[in-house]
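Notes follow the structure.
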Amino acid sequence: MQTLDVQDKPGWFERTTNIAHLVKYAVIGLGAVAIDAGLFLLLDARGMSPLPAQIISVSTAVVFSFVMNARYNFGTRDKVAKRFASFAVVNLIGFFVGLAIILGLTEADVVSAAVAKLVSIPVVTGMQYVLNANWTFLEND
């Protein structure tokens, strides 16, 4: 049986800059963004306030993203409950960062809620990739 020496494990930088995972994460993320933004914009257009629209759109995108990343990107099928919990925490952090951006920009009358949502996406996505690659989907954790 081959054992993994701690020194053989890729470090934070190597995990974060793994191009294959980053590309797959981006592709899956585009699907999640389409679900998140599309659902948010639909709910906004129907007159829903930003908070419940954000809750519904982000929650739907989170479940999609977890399943796709666990199965097709990081290839993890173990510790599903633990991984989903950490994924949910990462996404909860992203939810609040996104909501802060949306409310900050809309309350200051800088842009509409729809534009603020689109501004929040790259900030939240980058932060979440770093956290998920180094925590949620970390091998042999």
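The values are calculated or read from the model by the stated rules, or taken from the named source; none is laboratory data. The shown structure was predicted, so the numbers you read here are calculated from the model rather than taken from an experiment. Positions of Cβ are backbone-derived with ideal geometry, glycine not excepted, and every protein chain shown enters the neighbour counts.
A few remarks follow.
- Among the residues listed as Ile35, Ile28, the single one being within 17 Å of Pro122 (Cα to Cα) and at pLDDT 95 or above: Ile35
- Breaking point among (1) surrounded by 12 or more Cβ atoms within 10 Å (Cβ to Cβ); (2) in contact with a helix residue (DSSP H, G or I) (Cβ under 8 Å, 6 or more places away or on another chain), for Pro52: (1)
- Restricting the stretch 97-110 to residues that are part of a loop (DSSP other than H, G, I, E, B) and of a type outside the set (D, E, K, R), the residue that is surrounded by the most Cβ atoms within 10 Å (Cβ to Cβ): Val110
- Considering residues of the stretch 66-96 that are assigned to a helix (DSSP H, G or I) and β-branched (Val, Ile, Thr) only, the residue nearest to Leu30 (Cα to Cα): Val67
- Residues of the stretch 101-135 classified as under 22 Å from Val63 (Cα atoms) and free of Cβ contacts under 8 Å to residues at least 12 places away in the same chain, total: 2
- Single residue of the stretch 111-141 satisfying the filter (small (Gly, Ala, Ser) and either exposed (fewer than 13 other Cβ atoms within 10 Å of the Cβ) or out of contact with any Pro (no Cβ under 7 Å at 6 or more places or on another chain) (or both)) that is farthest from Gly31 (Cα to Cα): Ser112
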